[in-house]
Every structure is written in structure tokens, then in C-alpha cells.
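K.L.:
Attaching a single structure in C-alpha cells format; questions to follow.
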Amino acid sequence: MEAQFEFSGDEIDLVNVEISGPRLVLRSITASDDRSVFESLTPDIATFMVEKSADHIGQTKDFIQTSRNSMLRKHELVCVITNYRSEFLGCCRLSAHQSAQTLELSLWLKKSAHGHRYGQETAWMLAQWALKNLKFDTLLFPVDKQNIKGCSVAASLGGDITSERQTLSGHGTTLNEVVYCITSKALYEKLSREYVSI
């Protein structure tokens, strides 16, 4: 059975979420984002991802609809990442992993958005949203070993590598992932010290 989020307060309409940070905005993905996602998720960006870059925009439309259906079922939150000029920068996802008590975080940025620490800011924003709104014990952040920037983002949350796994990518290659794990208590303490007041 598909895991669902357990909310700490009132149930949230996940298809209408907006999270604002120092430089970025995360908002629930919509059908109008199809062109931006399609053009930005190129094969080189998808190298370390389970998802495959789309061959045509119809596949991107299907991905967005599937994501929104999943959000309606309270299984995950899928957001686009923008700056305050509404420029599309990438996507992020927070999912209930096997149970509501374990969440999994992932994200990607378009090529021109690399090198600005947007990945870390996105991860911290999404983690803070989870702490405010969801009941969970553990946050997982799987990253391919060769994805040095991704490993840095995962480590910035205070995560420790607790396991390794091999996963098949959408392009048919094998990803050699390390799974960073952090408890909700440790996450709260780190974000309270280093990010913004929770």
C-alpha cells in the first residue's frame, strides 16, 4: 500500500503549496510548467537521476499529471523551484517512503542554476516545511556517489551515510547510491541553529 503523509496539524492541500525562502520559491508543480521542465531536464542533468529526461513534451505532461495525482493522494509533494523573478530553476520532491514516518527528498536544477547553492537552499526549505507540517522520524536523501554536489547538499542537512544501494536509472544505467539519513530531531536542531527560526 502506498505510504501517505501524516500531517502534524490541519491537512494541507498539496497541489497548492508555496514555500518562500531567502532567494527561492518552491510551489506545487502545475500543467503550465511543462515547457520549462521539458527544456531544462536534459540528458546530462538526468545523469544521476532515477527519472529519465523526456523524449517529447507529452512525457513531461504525463509526469506532471502523475505527480499531481500523487499529491492528491497525500503521498508526496512535487514542486518547481523558482527565484523571485519567477524564473524556473528546477524541481524538488518530498515523498513518504514506505511509511509516513520516513520521508525521502530529491531535487534537480537546470544547468544554468548550478553553482549558486540553490540546491542547499531548496533542501533546507523543504526540510523546514516538513518539520513544520508533517509527523516523521527520519529524512532520507539518496545520492549517486559520483554526484559530488548532491552529496554536499545531503551532508549540509547533517545527514550521515547509513546504507548503499544500486538503482536503475531511467536511461538504463546503474546508479551507485549512498543514502544519507537524518532524524527529525537532529534536523530540527541543525536548522534552528544554522538556517532560520523554526
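K.L.:
Can you give the FRET efficiency for Ser32 and Asp160, using 1/(1 + (r/R0)^6), R0 = 35 Å, r = Cβ-Cβ distance, to the nearest 0.05? Before the final figure, lay out the partial values.
P.N.:
Numbers: r = 39 Å, r/R0 = 1.11.
FRET efficiency, Ser32 to Asp160: 0.35.
K.L.:
Further question on the same structure: Could you tell me the distance between the Cα centroids of segment 50-89 and segment 95-140, to the nearest Å?
P.N.:
15 Å
K.L.:
How far apart, in nanometres, would the label points at Arg73 and Thr102 be if each is projected 7 angstrom from Cα along the Cα-to-Cβ direction?
P.N.:
Calculated label separation equals 1.9 nm.
K.L.:
Before rounding to the nearest 500, sum -39500 (n - 2.57) across all DSSP H runs of length at least 4 in the chain and divide by the residue total; then give [θ] at 222 nm in deg cm²/dmol. Write out the running numbers ahead of the final one.
P.N.:
Values: 5 runs with 59 residues, N = 198.
The helix contribution divided over the chain gives -9000 deg cm²/dmol.
K.L.:
Just to be sure I understand the model, the point goes 7 Å from the Cα along the line to the Cβ. What's the resulting Asp62 to Lys145 distance in nm?
P.N.:
3.3 nm
K.L.:
Of the residues Val179, Val15, Val50, which exhibits the maximal mean-square fluctuation in a Gaussian network model of the chain defined by a 10 Å Cα contact cut-off?
P.N.:
Val50
K.L.:
Any chance you could list P(r) for the chain, counting all Cα-Cα pairs in 10 angstrom bins from zero, rounded to whole %?
P.N.:
9, 37, 42, 13, 0
K.L.:
Percent antiparallel among DSSP beta bridges with both residues in the chain, to the nearest 5? Kindly include the intermediate steps, with their values, before the conclusion.
P.N.:
On the way: 38 of 41 bridges.
Bridges in the chain are about 95 percent antiparallel.
K.L.:
If each residue's Cβ is checked for other Cβ atoms within 10 Å, how do Met1, Met49, Met125 rank with the fewest at the top?
P.N.:
On the way: Met1 5, Met49 20, Met125 24.
Ranked by crowding around the Cβ, least crowded first: Met1, Met49, Met125.
K.L.:
Note down the relative contact order for the chain as a percent, whole number, built from C-alpha pairs under 8 angstrom at least six residues apart. Walk me through the numbers on the way to the answer.
P.N.:
Values: 362 pairs, mean separation 41.9, N = 198.
Once normalised by length, the contact order is 21 percent.
K.L.:
Does anything in segment 80-100 have its amide N under 15 Å from the 7 Å Cα→Cβ label point of Glu51, and if so which residues?
P.N.:
80-82, 88-96
K.L.:
Something else now. Under 20 Å from the 7 Å Cα→Cβ point of Asp44, by amide nitrogen: which residues of segment 66-83?
P.N.:
none
Every read-out reported here was derived from the displayed coordinates using simple, explicitly stated rules and does not represent laboratory data. Bear in mind that the values here come from a model prediction, so they are computed numbers and not experimental data. Here Cβ is always computed from backbone atoms with ideal geometry, including for glycine, and neighbour counts include all displayed protein chains.
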